[in-house]
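Enquirer: Questions regarding the structure given below will be posed in turn.
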Amino acid sequence: MENTVMNSELLLPKGFCLLETQVAGHTFSSDAKALGMLKNEILGCVLKPMGKPECGERELAFYECVTDSNDPILNKVRSLIPKFYEKIKLRVNTMDHTFLKLEDLTHCIKKPCIMDIKIGKRTWDPLATAEKRDIEEKKYVQCKQKLGLCLPGFQVYSKTPLTQEEVLLRYGKDYGRQLNDSEFRKTMSLFLQCQKVVCWPLVQELLTQLYAIRDWFSEQRLFHFYASSLLVVYDYETVQFLTGTTQNGSKETLPNGNAQNDVCDFKYEDLAPTALSSARHVQNVSPYIKVRMIDFAHVFPASDGSPDTNYIFGLQNLIKIIEDLLSR
């Protein structure tokens, strides 16, 4: 018993707790038969259950391929996915389970805003049965067919209109399944703090990282991704700070900590004094926004060497929706 702890009536490995910021995917059931994600705050990692053997092994194979390969295309994608550490077996509720040990993208963020966006009009893989295809086609119909986007879940910190009281809003798959094209756009505006005034530093940095992912997909011919997501994480407190220092409606671009600096044309001397001081402040903290590709249980080789047009379709629509925020 010395290596286990009780957590919400679950017997978990010592040092681990439930990932309370998980916004989508399988979660722990009350009878503990279904597994959700765990985290270790000290180590800065999360544990993702491998789930069904064939799906878990496929996701593990993708992470290992990217981690171990010398292929220049795969080298480029390493910065676009969470860091993979190892496959690990741990005991949960007296049963052994296998997990993928991954980077915790919310580590050290006190108030993380998180959105899981599933990419692609087609979310069933080449091995799917007719029944599975039919089930998938009936999910998120409005957004998926028109935009190639699904919204399984998100959380965002916001302020109430009247009292300006800070609240945490959480939405799940039931909310996402009801969204149409217009409502999806409004939801992105809510998530990105753009309902009244566009937060330029946040939106521009988000686009910078999405462009990097798009560039990779325009080049790679190795894989096709099905039911894969983009996870967007940003620090609400830092975004509030940046919005305040750049004033309402300012179009200054501020650097994102130490993230994506290799593709950023940012120059400190181009900033006004107040923005310059805030930019230096941000350089001394962790990246305040991260966009990473996640969920690789349905990644298959591109046998014909063709581009992944299904993923690109959804990604390009997401980019266009966010670009539209800057033209309001």
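Quick note: the coordinates plus some simple rules give every number you see, no bench work behind them. Small disclaimer: the values here were computed from a predicted structure and weren't measured. So basically every Cβ, Gly included, is an ideal-geometry build from the backbone, and we count neighbours across all protein chains shown.
Enquirer: Once a ≥ b ≥ c are taken as the square roots of the eigenvalues of the Cα gyration tensor of region 46-148, is the result rounded (a/c under 1.5), prolate (a/b larger than b/c) or oblate (a/b not larger than b/c)?
Expert: Rounded is the answer for region 46-148, as its axis ratio a/c remains below 1.5.
Enquirer: Hey, another quick one. Expressed as a rounded percentage, what relative contact order does region 59-136 have, with Cα pairs under 8 Å and six or more residues apart?
Expert: Once normalised by length, the contact order is 18 percent.
Enquirer: P(r) of region 55-110 in 5 Å steps, Cα pairs, percent per bin?
Expert: 4, 16, 22, 21, 17, 11, 6, 2, 1
Enquirer: On alpha carbon coordinates alone, what is the Rg over Rh value for region 86-143, Rh being the Kirkwood radius?
Expert: 1.12
Enquirer: Take the residue pairs 101/320; 146/196; 39/290 and return only those whose Cα atoms are more than 25 Å apart.
Expert: 101/320; 146/196
Enquirer: What does the charge count around residue 289 come to, taking other residues whose C-beta lies under 9 Å from its C-beta (Lys +1, Arg +1, Asp -1, Glu -1)?
Expert: -1
Enquirer: Which order do peptides 293-301, 223-231 fall in by mean Cβ count within 10 Å, highest first?
Expert: 223-231, 293-301
Enquirer: Net charge around residue 307, counting only other residues with Cβ within less than 13 Å of its Cβ (Lys, Arg = +1; Asp, Glu = -1)?
Expert: Value of the local net charge: -2.
Enquirer: Another question about this same structure. If you bin the C-alpha pair distances of region 91-208 every 5 Å from 0, what whole percents do you get?
Expert: Bin by bin from 0 Å, the calculated values are 2, 9, 14, 17, 17, 15, 12, 7, 5, 2, 0.
Enquirer: Next question. Less than 11 Å Cβ to Cβ from residue 142, Lys/Arg counted +1 and Asp/Glu -1: what total charge do the surrounding residues give?
Expert: +2
Enquirer: Something else: Sorting check: for 124-136, 150-162, 167-179, which peptide has the highest mean count of neighbouring beta carbons within 10 Å, and how do the rest follow?
Expert: Packing proxy ranking, top to bottom: 150-162, 167-179, 124-136.
Enquirer: Can I ask one more? With contacts defined as alpha carbon pairs under 8 Å and 6 or more residues apart, what's the relative contact order of region 18-81 in percent?
Expert: 17 percent.
Enquirer: Here's another thing I want to ask about it. With an 8 Å cut-off on Cα pairs and a minimum separation of 6 or more residues, tell me the relative contact order of region 87-182 in percent.
Expert: Taking the mean separation of contacting Cα pairs over the length of region 87-182, I get 24 percent.
Enquirer: Something else: Packing-wise, with mean Cβ within 10 Å as the measure, how do 66-79, 103-116 rank, highest first?
Expert: 103-116, 66-79
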